[in-house]
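> Submitted below is the structure of interest, expressed as structure tokens.
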Amino acid sequence: MTVAVVGGGAVGLSTATALARRGASVTVFERDELGSGATGRAAGLCYDAFADDVDAAVAADALSRYRDLDLFDPQPYVWVARDGSDATAVREQIAQMQRNGVVVETLTPAELGDRYPALDTSGIEVAGLARDAGVLNPDSVVATLAKQARANGATIETHTPVSLASPTSLETPCGTRTFDAVVVAAGPETKPLVADVGVSLALKAYRAQALVTDPVDAALPSFYDATREFYWRPRDDALLVGDGAHEVDPADWNPDADPEFVDRSLNRVEEAAALRPACDRAWAGLCTATPDGAPLAGEVVDGLWVATGWQGHGLMRAPAMGDYLAAAVLDRPNPLSEHLPGRVDPTRFDGSETFAALDDPTRDWNE
Ligand SMILES: Cc1cc2nc3c(=O)[nH]c(=O)nc-3n(C[C@H](O)[C@H](O)[C@H](O)COP(=O)(O)OP(=O)(O)OC[C@H]3O[C@@H](n4cnc5c(N)ncnc54)[C@H](O)[C@@H]3O)c2cc1C
């Protein structure tokens, strides 16, 4: 079977590898460099702390694949709430996660402070601790996935923008090429690409920002503040800090971070950990959202597949979802095939839905 994958991000490369490993003849088309979309701009948080059982199963599958690839760097993940309703939600999430077998525990502010003395726990009502969480280096993910894809026989064509001439043929700079199947994993561009062949996706883009600080001298976990809506993760000897996002036109957005974001983030770090590092570099990237927060991953018309709508969680889920999708394209079994198809079927929407892109990229698919 010949398959084209449009998009050389974590999802496209994972899908290409899984397809090639199952014997398909795969070509990846990337309009720029590999990882030049959201993947190369991701913070790299990677955890299994999901209250929903299907989300948790996807995360467990992805984490195990990243561990096998030696791309997963263990790093506990702490999330905190500062007011009553957020605290109730965090407690409920943790109870549900524990029922799903996720290794998480509730910490009081005092327990949190004992564990991480550099954190200022004043004002925190409750914390969750996910021990099996970790971080990924997006550049290493891209390099490793590309190497794997090639090793399994896939061809990767960078600096090759394509469009759809029909559901299974691509207009490339060297002419039209036809395949048995086409998988479009082009982030927000997936929507206009498939619109050319009459497919309407319920997909929106939102812009998320991140920065890396100068080095800090403090032992800290990855951290998400559900009340103040920001997160950080240790990166080398510094912190990578990010926060909520807003909806944008994917054809007209600013890839540089806003100065207000940088100030706000550094203030939040100072409030939460009494550190005031300077900003070393900052950037923005595009994430994708769907009406129900679950991705669009499946066949939209005969031979044409999409994989997008990751709600800010696409990097951590890529190897699991890529394998799931490859198996579906080739009509083979996959551990997630039992639960996922209905949840992620892109045709569950007709594309005419009105919805707001989520402003909190750390939400579960089903919250
Ligand atoms: C600031 C920020 C922080 C984030 N943090 C995290 C995190 O901590 N953990 C996490 O899991 N996720 C995180 N994400 C989300 C994550 O980056 C995305 O969900 C994930 O990278 C999506 O991967 P993808 O392969 O689907 O898309 P992308 O990486 O966007 O890849 C799509 C590719 O398609 C290519 N393309 C587009 N149009 C065409 C065309 N016509 N022809 C050929 N190629 C085309 C693009 O150039 C691009 O390389 C973050 C995102 C941002 C912006």
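The values are calculated or read from the model by the stated rules, or taken from the named source; none is laboratory data. All values reported here derive from a predicted model rather than from experimental measurement. We place every Cβ from the backbone using ideal geometry, glycine too, and count neighbours over all the protein chains shown. Ligands, DNA and RNA are excluded from the accessible area calculation, which covers all protein heavy atoms including side chains. Shrake-Rupley method; radii C 1.70, N 1.55, O 1.52, S 1.80 Å.
> For the stretch 232-250, name all the residues that are open to solvent by 30 Å² or more (accessible area, probe 1.4 Å) and within 13 Å of the ligand (Cβ to nearest atom).
Arg235, His246, Val248, Pro250
> A further question follows. Among the residues of the stretch 83-90, are any touching a Phe, Trp or Tyr at 6+ places or on another chain (Cβ under 6 Å) and either among the charged types (D, E, K, R) or at pLDDT 95 or above (or both)?
No: zero hits.
> Please give the strands (runs of 3 or more DSSP E) falling wholly within the stretch 257-330 in which 1 or more residues are charged (D, E, K, R) and either within 15 Å of the ligand (Cβ to nearest atom) or not assigned by TED's automatic domain parsing to the domain that holds Pro109 (or both). Lay out the reasoning, then the answer.
Values: elements: 279-289, 296-301, 304-308.
Where strands (runs of 3 or more DSSP E) fall fully within the stretch 257-330 and carry at least 1 residues being charged (D, E, K, R) and either within 15 Å of the ligand (Cβ to nearest atom) or not assigned by TED's automatic domain parsing to the domain that holds Pro109 (or both), they are 279-289, 296-301.
> Out of all the residues in the stretch 17-38, is one or more open to solvent by 10 Å² or more (accessible area, probe 1.4 Å), within 11 Å of the ligand (Cβ to nearest atom), of a type in the set (Lys, Arg) and under 30 Å from Gly128 (Cβ atoms)?
Scanning the stretch 17-38 turns up no residue that is open to solvent by 10 Å² or more (accessible area, probe 1.4 Å), within 11 Å of the ligand (Cβ to nearest atom), of a type in the set (Lys, Arg) and under 30 Å from Gly128 (Cβ atoms).
Yes/no per residue for (1) free of Cβ contacts under 8 Å to residues at least 40 places away in the same chain; (2) within 12 Å of the ligand (Cβ to nearest atom):
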position: Gly40; (1), (2): no, yes
position: Leu63; (1), (2): no, yes
position: Pro74; (1), (2): no, no
position: Val78; (1), (2): no, no
position: Arg82; (1), (2): no, no
position: Ser85; (1), (2): yes, no
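> Output the residues belonging to the stretch 251-274 that are surrounded by fewer than 18 Cβ atoms within 10 Å (Cβ to Cβ) and either charged (D, E, K, R) or farther than 20 Å from Asp214 by Cβ (or both).
Ala251, Asp252, Trp253, Asn254, Pro255, Asp256, Asp258, Glu260, Asp263, Arg264, Glu270, Glu271
> Quick one: in the stretch 210-219, of everything that is at pLDDT 95 or above and open to solvent by 10 Å² or more (accessible area, probe 1.4 Å), which residue is farthest from the ligand (Cβ to nearest atom)? It would help to see each step written out before you state the result.
Looking only at the stretch 210-219, we keep the residues that are at pLDDT 95 or above, and these are 210-216.
Still in the list and also open to solvent by 10 Å² or more (accessible area, probe 1.4 Å): 214-216.
Values: Asp214: 19, Pro215: 21, Val216: 19 Å.
So, considering only residues that are at pLDDT 95 or above and open to solvent by 10 Å² or more (accessible area, probe 1.4 Å), the one farthest from the ligand (Cβ to nearest atom) is Pro215.
> Shifting gears a bit: Residue by residue through the stretch 152-199, note down the ones that are open to solvent by 60 Å² or more (accessible area, probe 1.4 Å) and assigned to a loop (DSSP other than H, G, I, E, B). Let's see the steps before the verdict.
Kept after step one, since they are open to solvent by 60 Å² or more (accessible area, probe 1.4 Å), are these residues of the stretch 152-199: 155, 159, 161, 171, 173-174, 176-178, 180, 191-192, 196, 198.
Residues satisfying the conditions are His159, Pro161, Pro173, Cys174, Asp180, Asp196, Gly198.
> What do you reckon, is Asp70 open to solvent by 50 Å² or more (accessible area, probe 1.4 Å), within 29 Å of Gly40 (Cα to Cα), outside the structural domain of Lys191 (by TED's automatic domain parsing) and of a type in the set (Asp, Glu)?
When the stated conditions are applied, Asp70 passes them.
> Go through (1) in the same structural domain as Pro259 (by TED's automatic domain parsing); (2) polar (S, T, N, Q); (3) more than 9 Å from the ligand (Cβ to nearest atom) for Thr178 and report which single condition fails.
With respect to (1) in the same structural domain as Pro259 (by TED's automatic domain parsing); (2) polar (S, T, N, Q); (3) more than 9 Å from the ligand (Cβ to nearest atom), Thr178 is out only on (1).
> So which residues in the stretch 107-131 are hydroxyl-bearing (Ser, Thr, Tyr) and either surrounded by 16 or more Cβ atoms within 10 Å (Cβ to Cβ) or in contact (Cβ under 8 Å) with a residue 24 or more places away in the chain (or both)?
Selection gives Tyr116, Thr121.
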